[in-house]
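Colleague: If you scroll down you'll find the structure; I have some questions about it.
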Amino acid sequence: MRERDIEQQLVVETKKMKGLCEKWTSGSSGWPDRIVILPGSRIGFVEVKAPGKEPRPLQLKRHKQLRALGFKVYVLDRPEQIGAILNDIQTS
């Protein structure tokens, strides 16, 4: 399965929860691919990778920055992780 396919599944599952799954195009590098916004003011950031791939060092730095601000950040590389990620965002 390709990264693009996993990312599209994330979008579909987020919409089923009446949420938004927006592409983050900040103009600078390393930020997570998607911002997931769920009802109840719940926000999480998702880095989507192809199966078995790891975030690059700059991406890990950005994840650390976001976590230091109190945000949830996830690395998604398998479609079966989507439900748990969305549930964690919803319940946090």
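Colleague: Can you say what percent of the DSSP beta bridges in the chain, counting only those with both residues inside, are antiparallel? Round to 5.
Modeller: On the way: 9 of 14 bridges.
Antiparallel bridges make up about 65 percent of those DSSP assigns within the chain.
Colleague: Using a 1.4 angstrom probe, figure out how much accessible area the chain has per residue, in square angstrom, rounded to the nearest whole. Kindly include the intermediate steps, with their values, before the conclusion.
Modeller: On the way: 5520 Å² over 92 residues.
Roughly 60 Å² per residue, with all protein chains present.
Colleague: Which of the trypsin sites (Lys or Arg not before Pro) found in the chain are in a DSSP loop and have at most 10 neighbouring Cβ atoms, other than their own, within 10 Å?
Modeller: Details: sites: Arg2, Arg4, Lys15, Lys16, Lys18, Lys23, Arg34, Arg42, Lys49, Lys53, Lys61, Arg62, Lys64, Arg67, Lys72; in loops: Arg2, Lys18, Lys49, Lys53.
When the trypsin sites (Lys or Arg not before Pro) of the chain are filtered for loop state and at most 10 Cβ neighbours within 10 Å, Arg2, Lys18 remain.
Colleague: Anyone know which of Pro39, Pro55, Pro79 comes out most mobile in the 10 Å Cα GNM of the chain?
Modeller: Comparing Pro39, Pro55, Pro79 in a Gaussian network model of the chain, the most mobile one is Pro39.
Colleague: If r is the Cβ-Cβ distance from Val12 to Ile43 and R0 is 25 Å, what FRET efficiency results, to the nearest 0.05? Let's see the in-between values first.
Modeller: On the way: r = 19 Å, r/R0 = 0.76.
The value I calculate is 0.85.
Colleague: Something else: Using unit Cβ charges (K, R positive; D, E negative) and no other charged atoms, how large, in debye to the nearest 20, is the dipole of the chain about its Cα centre?
Modeller: Values: 17 positive and 11 negative charges, 47 e Å.
In debye, rounded to 20, the chain gives about 220.
Colleague: Could you compute Rg(Cα) / (2.2 N^0.38 Å) for the chain, with N its residue count?
Modeller: Numbers: Rg = 12.2 Å, N = 92, 2.2 N^0.38 = 12.3 Å.
The value comes to 1.00.
Colleague: Additional query: Okay, helix-only estimate at 222 nm for the chain: each DSSP H run of n ≥ 4 adds -39500 (n - 2.57), divide by all residues, round to 500 deg cm²/dmol; what do you get? Don't jump to the answer; show the numbers that get you there.
Modeller: On the way: 3 runs with 36 residues, N = 92.
Taken over the chain, the calculation gives -12000 deg cm²/dmol.
The values are calculated or read from the model by the stated rules, or taken from the named source; none is laboratory data. Note that this is a predicted model, so its numbers are computed, not measured. As a convention, Cβ positions derive from the backbone with ideal geometry for all residues, glycine included, and neighbour counts pool all protein chains shown. We work out accessible area using only protein heavy atoms, side chains counted, and drop any ligands, DNA or RNA first. Shrake-Rupley method; radii C 1.70, N 1.55, O 1.52, S 1.80 Å.
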